[in-house]
Amino acid sequence: MQFAWPTAEQAMYRIQRLRRLIVLCVAIPVVGLMLASFVDPASLPADRATLAALAVAALVVGHVVLFPNVTLETLALSLAVTGLVVSVPWIKAVALWAPAAHQDAALVILITFAVAATGVAMALLQIALSAMAYAGPALRLRLKTRLTVPCSPAVARRQCALVPATRRGRVIAGEADEDGFFDVAVAAVQHADPQHPDRPMIVKADAKVLESTETQHDVMLVLQNGSVTVTSHQFAAAAGGCTVSVADMPGDFTAGMHAIFWLTDQQSDNRVEMTDIITGQEARANGLAHGVSLLSVAGALLSPRAPLAKRAK
């Protein structure tokens, strides 16, 4: 999915939904810069450290708004830019080693190299964070969320409960076999199919309804890697509509994946996606946003690819 500028409502939603990620990524530069100011106040006075922390915070918020589906890149950006800002006083000190007539030119060259090194460090940090997040054994923790939708419990159940032979949004369910299992396909619009870059990635699983009543719906999902996830929905009438309580027990989440899931408030984002479908609102959910990253944009600018027709020639 190609990059798309967010609307004002989408931008505010992304800031609110990714608030935990923003707080963490802002805390990193604040702590780092304050420590650097405390250790060497002559090189980095407190007022400059405060302004630098605010600038990095604004950069993080802007990154989250423009690139909402690259959590690890946002973390890597925060770490890399913090290192750049902390090193600026020492870069200036190194520039002073040059002859007086060339100090300004030396400073420009050193800052250019520092910015380039920051980009490389950001890419390496993202790789390291990804390895840390997805490595390790599965950790079985129950994920819970609750929201109120402006409809009756019966309508909420029809929209949220995964049952055979239905299509809701980007989720398609096939017919059930004699054992009660049915195919489920989910279009991950923020990721492209490597074989067909112009099409979204399709994630497939086998599902089976474990229990279904007017107030509760439990489903088991068997993923392609063999892990099992159980999801339970509960529906209760409430003032202004229906309260939907969701409990998930993922079978393949590592500790790092649980952390990412919590930082991005992914479960609530999934519910908002369904709520917007029920109410007919403009799509806000990050699950429907593009998966373009800052590094991919930088790569396209620095190393543009020729059009397909020209490459074929």
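Distant-in-sequence amide contacts of GLN216, defined by a placed amide H-H separation under 5 Å and a gap of 5 or more residues or a different chain, comprise PHE235. Near CYS25: Cβ cut-off under 14 Å, other residues only, Lys/Arg at +1 and Asp/Glu at -1. The net charge is +2. Projected over all directions and averaged, the alpha-carbon convex hull of the chain occupies 22.4 nm².
Any chance you could check the Cα centroid distance between segment 9-58 and segment 168-229 for me, in angstrom? Segment 9-58 and segment 168-229 have Cα centres separated by 40 Å.
Equivalent ellipsoid of segment 1-126: semi-axes from √(5λ) of the C-alpha gyration tensor, largest first, are 31, 17, 12 Å. Straight-line reach from LYS208: taking Cα to Cα under 16 Å and skipping same-chain neighbours fewer than 8 places apart, the aspartates and glutamates in range are GLU175, ASP177, GLU178, ASP179, ASP183, ASP218, ASP248. Close amide-amide hydrogen proximity is noted between HIS191 and MET201, each under 5 Å apart and 5 or more residues distant or on a separate chain (H modeled in the peptide plane; Pro and chain starts excluded). Between the amide H of PHE67 and any residue lying 5 or more places away or on another chain, no distance stays under 5 Å, with hydrogens modeled in the peptide plane.
State which helices in the chain qualify, where a helix is a whole DSSP H run, it must extend 15 Å or more along its own axis by its Cα atoms, and its mean Kyte-Doolittle hydropathy must be at least -1.0. Qualifying helices: 19-39, 46-66, 71-95, 103-134, 266-279.
Using Cβ point charges alone (K and R +1, D and E -1), the dipole size of the chain about the Cα centre works out to roughly 580 debye.
Both radii were evaluated on the Cα set of segment 154-271; the Rg over Rh quotient, with Rh as the Kirkwood radius, amounts to 0.97.
Ligands, DNA and RNA excluded, the heavy atoms of ARG157 present near 50 Å² of accessible surface to a 1.4 Å solvent probe.
Accessible area per residue (1.4 Å probe, heavy atoms of protein chains only) ranks PHE3, PHE113, PHE182 as PHE113, PHE3, PHE182, with the largest value leading. The alpha carbon convex hull volume per residue for segment 209-252 rounds to 63 Å³. Applying the Karplus relation 6.51 cos²θ - 1.76 cosθ + 1.60 with θ = phi - 60° to segment 284-292 yields 3J(HN,Hα) values of 10, 4, 5, x, 9, 7, 5, x, 5 Hz, where x marks Gly and Pro. Apply the Debye scattering formula to segment 45-188, with a single equal point scatterer on each alpha-carbon and no solvent, then give log10 I(q)/I(0) at q = 0.16, 0.21 Å⁻¹. The computed values of log10 I(q)/I(0) come out as -1.05, -1.27. Note on LYS144: accessible area approximately 150 square angstrom, rounded to 10, probe 1.4 Å, nucleic acids and ligands left out. With N as its number of residues, segment 76-158 has a Cα radius of gyration that, divided by 2.2 N^0.38 Å, comes to 2.07.
A quarter of the convex hull surface defined by the alpha-carbon atoms of segment 125-191 gives 8.0 nm² as the mean projection.
The values are calculated or read from the model by the stated rules, or taken from the named source; none is laboratory data. Since the model is a prediction, treat every value here as computed from it, not as a measurement. Note that we place each Cβ from the backbone using ideal geometry, even for glycine, and neighbour counts take in every protein chain shown. Quick note on the areas: whole protein, heavy atoms, side chains included, nothing else; ligands and nucleic acids left out. Shrake-Rupley method; radii C 1.70, N 1.55, O 1.52, S 1.80 Å.
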